[in-house]
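The values are calculated or read from the model by the stated rules, or taken from the named source; none is laboratory data. Bear in mind that the values here come from a model prediction, so they are computed numbers and not experimental data. No Cβ is skipped: glycine too gets one built from the backbone with ideal geometry, and neighbour counts run over all protein chains shown. Note: areas computed on protein heavy atoms with side chains; ligands, DNA, RNA excluded. Shrake-Rupley method; radii C 1.70, N 1.55, O 1.52, S 1.80 Å.
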Amino acid sequence: MALIQQIIFLVILGIVGWLVYKRASLIRKTIMLGRDEDRYDQPAQRFSIMFRVAFGQKKMFDRPLIGIMHFVVYAGFLLINIEVLEIVLDGILGKHRLFAPFLGTFYNFLIGFFEFLAVGVLVTCLIFLIRRTILKVERLKPSRHREMNGWPELDGKIILIFEIILMLAILTMNAADTVLQEMGSRHYTVTGDFPFSQFLKPIFTSWTEPSLVIYERFAWWFHILGIFAFAVYVTYSKHLHIALAFPNTYFSRLTPKGEMNNMPDITKEVKIMLGLTTPEDAVAGAENVFPERFGAKDVPDLSWKNLMDAYSCTECGRCTSACPANLTGKKLSPRKIMMDTRDRLEDIGRNMQVNSGAFVDDGKSLIGDYISNEEILACTTCNACVQECPILINPLDIILQLRRYKVMDEAQAPGSWNAMFQNLDTNQAPWKFSPGDRFNWADKLRNEG
Amino acid sequence: MSELIYKVPTMAEMAASNETPEVLFWVGCAGSFDDRYKKVTVAFVKILNKAGVKFAVLGTEESCTGDPARRAGNEFTFQMLAMSNIQVLDMYGVKKIVTACPHCFNTLKNEYPELGGNYEVLHHSEYLQQLIDEGRVRIESGESFKGRKITFHDSCYLGRANGIYEAPRHVLEALDADLVEMKRSKVKGLCCGAGGGQMFKEPEPGKKDINIERIEEAIDTGATTIAVACPFCMVMITDGIKNKEKEDSVKVFDLAELIAQAEGL
């Protein structure tokens with residue numbers, strides 16, 4: 001019986017590992033579709049940012065109460081993994097509570113601590129679920145934010161319910177286990193009571209030994225299979241942030257938020273136009289390939305970091321709730337920009353899967369089919385969304401690249417912008433004033449002098 | 001202070017007499033052409049004169065930094081303007097620039113280096129703070145601000161874009177006024193609605209204009225003066241006040257104007 005369990009466990013572990021690996025490879029492949037961008041400089045500073053923002057969750061504490069609750073779930077998730085390691089090893093080796101004999105009383109302390117975390121995660125997830133379903137927090141409301149309709153709303157709830165059930169499984173498993181220990185059941189290493197599950201023991205005390213064993217095994221399997229299912233689920237869910245928050249903060253922008261990336265291809269052109277360099281020099285200078293297009297029309301035109309941002313987004317909506325355009329009823333929602341970018345990537349990923357690894361043009365593009373021109377035109381580039389993101393996602397960078405495409409490649413700027421550009425080209429000012437009048441403001445002062 | 005003679009030398013005049021200014025005052029398009037912001041330019045020039053700062057302006061040799069073109073997605077126009085500005089600045093050997101416009105400031109400071117223009121760039125809030133700290137600007141002999149309620153509206157391109165939150169507040173503190181904060185301020189400050197090229201087009205359809213949302217917050221503080229540090233914010237906030245018909249009870253001033261008033265200039 002034990003051997004069969006071991007074999008089943010190993011097979012499932014193998015399948016889960018393979019599924020996660022396949023999915024992670026596809027995500028990596030679609031991220032790498034993005035344009036090259038160097039984010040490998042200043043490793044010490046990058047590490048420090050990752051340590052503070054991802055590991056230490058610094059920005060989550062902008063809202064202290066939510067910050068603490070999120071930290072409980074996060075710490076619970078990280079630390080309970082130590083117990084999962086024991087569970088996986090037990091499963092592989094056909095043992096039970098493998099670590100107990102080695103750790104002695106410390107084992108009880110450890111499991112006690114895990115139980116404490118489990119209760120913390122359970123309570124917090126319940127509160128989060130109440131916030132989503134009963135209190136209906138503004139930024140999570142599908143009726144207010146169209147991007148949250150359907151799957152994203154469901155996804156948020158599924159994860160919370162998943163975690164609640166997993167925590168219940170751990171606690172009842174430990175309770176059934178200790179009752180079995182007291183019966184002197186073979187195979188159940190004696191550890192004594194655990195701090196929280198002992199209160200659940202009354203449920204089990206009247207049970208017979210075989211039914212207890214069945215329940216304990218059921219809870220054990222349920223817990224570990226739940227974790228395996230979760231591991232696969234996460235790769236399809238907004239919950240990917242639990243892994244991607246780390247690289248995403250590491251590779252975040254180190255330049256001031258106000259700085260917009262330069263376009264070196266255009267610098268070459270402008271230098272030729274201003275006579276700062278000759279076309280021959282410019283051509284001889286490098287592999288002077290004129291860019292296929294200016295700005296970004298679709299996801300491969302964005303940088304790989306923009307695409308990693310999209311997969312890292314947890315859809316919390318802090319960006320959107322701070323966006324001045326969204327607050328005043330415009331169509332723009334920075335969260336939707338990130339979710340649309342991810343949806344497009346997922347569509348491209350599926351397309352590549354069915355076409356043996358190569359993307360076959362589906363006639364769609366990020367701007368137009370996923371994000372509308374009206375959305376990107378509403379942005380004031382105020383950086384509130386960038387400021388708000390707890391894991392340093394930059395929706396503005398994507399918006400600006402899409403604007404570059406619309407304005408330069410498609411020449412589809414609003415009429416008043418075209419007038420502004422024309423003024424800049426002819427009078428070097430955004431308004432229709434003569435450059436010769438630029439110094440008139442000082443006439444009165446200078447004449448007095 | 002009528003005996004004070006205000007000078008506004010240009011870089012060309014300085015160069016002709018073989019002089020080098022301490023700092024170049026970058027006036028910007030709004031500071032040069034917008035009737036309201038021209039007053040800020042004049043106020044700042046008066047402060048510089050009184051403080052004995054040896055400064056110069058580019059006069060008609062200045063062009064737009066290109067900020068609105070770049071934010072609106074027109075990189076060609078931006079780089080054309082930027083490159084020709086860099087040529088002019090480098091021709092005069094400019095090392096240090098001060099400007100009253102956060103958009104000019106951000107572009108000159110953060111975006112010109114990649115195109116070959118490297119300067120020390122200060123926003124006038126930082127520069128005014130330095131002048132006050134050094135004792136070169138003394139708040140005396142002018143209007144008293146004691147007990148007057150002032151709220152400061154953070155410009156996105158000064159605040160979040162460049163992390164400058166304290167300098168403008170230090171300048172206002174020097175006035176000895178009663179500084180009150182809006183519900184959303186500093187990193188959480190709400191945009192006036194003009195950035196990213198919005199200044200030059202109609203807003204997209206929505207249920208409210210952004211500057212109205214902002215002005216409601218400013219009015220809620222009970223402040224009688226809204227201090228700004230950006231020409232675009234100045235336009236948007238002033239329009240918001242007009243929309244709420246509060247022109248008589250709430251005034252909008254730039255930092256430099258408030259300092260000039262306090263100095264009796």
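Dimensions of the range A:303-370 along the principal axes, based on C-alpha atoms and rounded to the nearest Å, stand at 44, 23, 18, largest first.
Other protein chain C-beta atoms within 10 Å of residue C-beta, averaged over B:118-129: 0. Roughly how far apart, in whole Å, are the Cα centres of the range A:397-411 and the range A:122-150? Comparing the Cα centres of the range A:397-411 and the range A:122-150, I get a distance of 34 Å. Note on the protein assembly as shown: the alpha carbon radius of gyration divided by the globular reference 2.2 N^0.38 Å gives 1.16.
Cys residues of chain A that find no other Cys beta carbon under 4.7 Å: A:CYS125, A:CYS313, A:CYS316, A:CYS323, A:CYS379, A:CYS389.
When Rg and Dmax are taken over the Cα atoms of the range B:110-200, they come to 15.6, 47 Å.
Once both labels are positioned 7 Å from their Cα atoms along Cα-to-Cβ, the gap between B:LYS208 and A:ALA231 label points is 4.9 nm.
Over the range A:160-309, the hull volume per residue, using the convex hull of the C-alpha atoms, is 202 Å³. Here the relative contact order of the range B:141-262, from alpha carbon pairs under 8 Å that lie six or more residues apart, stands at 33 percent. Peptide B:202-215 shows a mean partner chain C-beta count of 5 within 10 Å per residue C-beta.
Would you mind calculating the relative contact order of the range A:58-115 from Cα pairs under 8 angstrom and at least 6 residues apart, reporting the percent as a whole number? Computed over the range A:58-115, the figure is 24 percent.
Charging the Cβ of each Asp and Glu at -1 and of each Lys and Arg at +1, and nothing else, the dipole of the range A:314-449 about its Cα centre rounds to 360 debye. Modelled label positions at B:GLU120 and A:SER211, each set 7 Å beyond Cα in the direction of Cβ, lie 8.3 nm from each other.
Annotation: the range B:11-130 has a Kirkwood hydrodynamic radius of 14.5 angstrom, from the mean reciprocal C-alpha pair distance. Based on the Kirkwood approach, the hydrodynamic radius assigned to the range A:323-449 is 17.9 Å, with every pair of different Cα atoms included. The alpha-carbon positions of the range A:1-150 define a convex hull whose volume is 218 Å³ per residue. Note on the range B:141-262: Kirkwood hydrodynamic radius from all Cα pairs is 14.6 Å, rounded to one decimal.
Across the range A:225-231, coupling constants 3J(HN,Hα) worked out from phi with the 6.51/-1.76/1.60 Karplus curve, θ = phi - 60°, read 5, x, 5, 4, 4, 4, 4 Hz, and Gly and Pro carry x. Counting only heavy atoms of the protein chains and using a 1.4 Å probe, A:THR208 has close to 80 Å² of accessible surface.
In the context of the full protein assembly, A:PHE433 retains an accessible surface of approximately 80 Å², using a probe radius of 1.4 Å and ignoring ligands and nucleic acids. Normalised by 2.2 N^0.38 Å, where N is the number of residues, the alpha-carbon radius of gyration of the range B:53-102 equals 1.23.
With the simple model of a label 7 Å out from the Cα in the direction of the Cβ, A:LEU168 to B:SER249 spans 5.7 nm.
Placing a label point 7 Å from the Cα of B:ASP90 along the Cα-to-Cβ line, the residues of the range B:49-81 whose backbone N sits under 20 Å from it are B:58, B:61-67, B:76-81.
Computed from backbone phi with θ = phi - 60° and the Karplus coefficients 6.51, -1.76 and 1.60, the 3J(HN,Hα) list for the range A:391-405 is 10, 6, 7, 10, x, 4, 4, 5, 4, 5, 5, 5, 4, 4, 5 Hz; x is used for glycine and proline.
The calculated pair-distance distribution of chain B uses every alpha carbon pair, bins of 10 angstrom beginning at 0, and gives 7, 31, 36, 21, 6, 0 percent. Phi angles of the range B:238-245 translate, via the Karplus equation with coefficients 6.51, -1.76, 1.60 and θ = phi - 60°, into HN-Hα couplings of 4, 4, x, 4, 4, 4, 8, 6 Hz per residue; Gly and Pro are given as x.
In this view, the solvent-accessible surface of B:HIS103, computed with a 1.4 Å probe and all protein chains in place, comes to about 10 Å². Under a 5 Å amide H cut-off, with hydrogens placed 1.01 Å from N, B:PHE152 pairs with B:VAL180, B:MET182, B:ALA227 among residues at least 5 apart or on other chains. If R₀ is 35 angstrom, what is the calculated FRET efficiency for the pair B:GLU216 and B:GLU173, using the beta carbon separation as r and rounding to 0.05? Result of the calculation: an efficiency of 0.85.
Reducing the range B:51-91 and the range B:104-179 to their Cα centroids gives an inter-centroid distance of 21 Å.
For chain A, relative contact order (Cα pairs under 8 Å, six or more residues apart, normalised by length) works out to 18 percent. For B:ALA15, put the label point 7 Å out on the Cα→Cβ axis and report which residues of the range B:33-66 keep their amide N under 15 Å from it. Of the residues in the range B:33-66, B:56-63 have backbone N under 15 Å from the label point off B:ALA15. Between the beta carbons of A:MET32 and B:ARG36, assuming R0 = 45 Å, the FRET efficiency works out to 0.35 to the nearest 0.05.
Counted residue by residue at 0.36 nm each, then reduced by the alpha carbon distance between them, the extension gain from A:ASN447 to A:ARG63 reaches 132.6 nm. Note on A:382-391: average number of Cβ atoms from other chains within 10 Å of each residue's Cβ is 5.
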